[in-house]
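Any read-out appearing in this document is the output of simple, stated calculations on the displayed coordinates, not a laboratory observation. It should be emphasised that the depicted structure is a prediction, and the values quoted were computed from it without experimental measurement. We place every Cβ from the backbone using ideal geometry, glycine too, and count neighbours over all the protein chains shown.
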Amino acid sequence: MANEKILVLGDADFNQVISESSIPVLVDFWASWCGPCKMIGPVVEELATEFDGKIKTGKLNVDDNRNVPDKYRVSSIPTLVVFKDGTEVERSVGYKTKDELRNWLNKFI
């Protein structure tokens, strides 16, 4: 089931979404063939609901969108990147537990 709290981002709308957001944006860079991405996906969805209104959450499929991952040098997935005022502030690479990600995200609100 799709989570309505998560934006599906692509090369075409990425810059506009992150630059126009008044709150931090968490972007999950993923691919359908990536095992750790499948593990972290439900965690990101739960945190999107938990942080709704404090952090905007988006997902970007690296197979369907090449420009944004190249621009931000995303070479391993899953990569979670937090953007504030349109600029990357921090990233997390690889699987993390819900508690680890929650503690990480709390720094940005």
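Quick notes on this structure:
- Each residue of the stretch 23-29 was assigned a 3J(HN,Hα) from its phi angle through the Karplus expression (A = 6.51, B = -1.76, C = 1.60, θ = phi - 60°), giving 10, x, 10, 9, 10, 9, 8 Hz with x at Gly and Pro.
- Packing, taken as the mean count of other beta carbons within 10 Å per residue, orders the peptides 74-82, 60-68, 16-24 from highest to lowest as 74-82, 60-68, 16-24.
- Nitroxide proxy distance, nm - points 7 Å out along Cα→Cβ at R91 and N103: 2.3 nm
- Cα-based convex hull, the stretch 48-99, per residue volume (Å³, whole number): 101 Å³
- In order along the stretch 50-61, the phi-based Karplus estimate (6.51 cos²θ - 1.76 cosθ + 1.60, θ = phi - 60°) of 3J(HN,Hα) comes to 4, 9, 3, x, 10, 9, 7, 10, x, 10, 10, 7 Hz; Gly and Pro are listed as x.
- Rounded to whole numbers, the Karplus 3J(HN,Hα) couplings from phi for the stretch 79-94 are 10, 10, 10, 9, 10, 10, 6, x, 10, 5, 10, 6, 9, 10, 10, x Hz, using 6.51 cos²θ - 1.76 cosθ + 1.60 with θ = phi - 60°, and x at Gly and Pro.
- Over the residues of the chain, the helix contribution to mean residue ellipticity at 222 nm works out to -9500 deg cm²/dmol, using -39500 (n - 2.57) for each DSSP H run of at least 4.
- Cα-based Rg and Dmax for the stretch 6-102, where Dmax is the largest Cα-Cα distance (Å): 12.1, 33
- Eligible aspartates and glutamates near K107 by straight Cα distance, threshold 16 Å, same-chain separation 8 or greater: E50, D52, D85, E88, E90, D99
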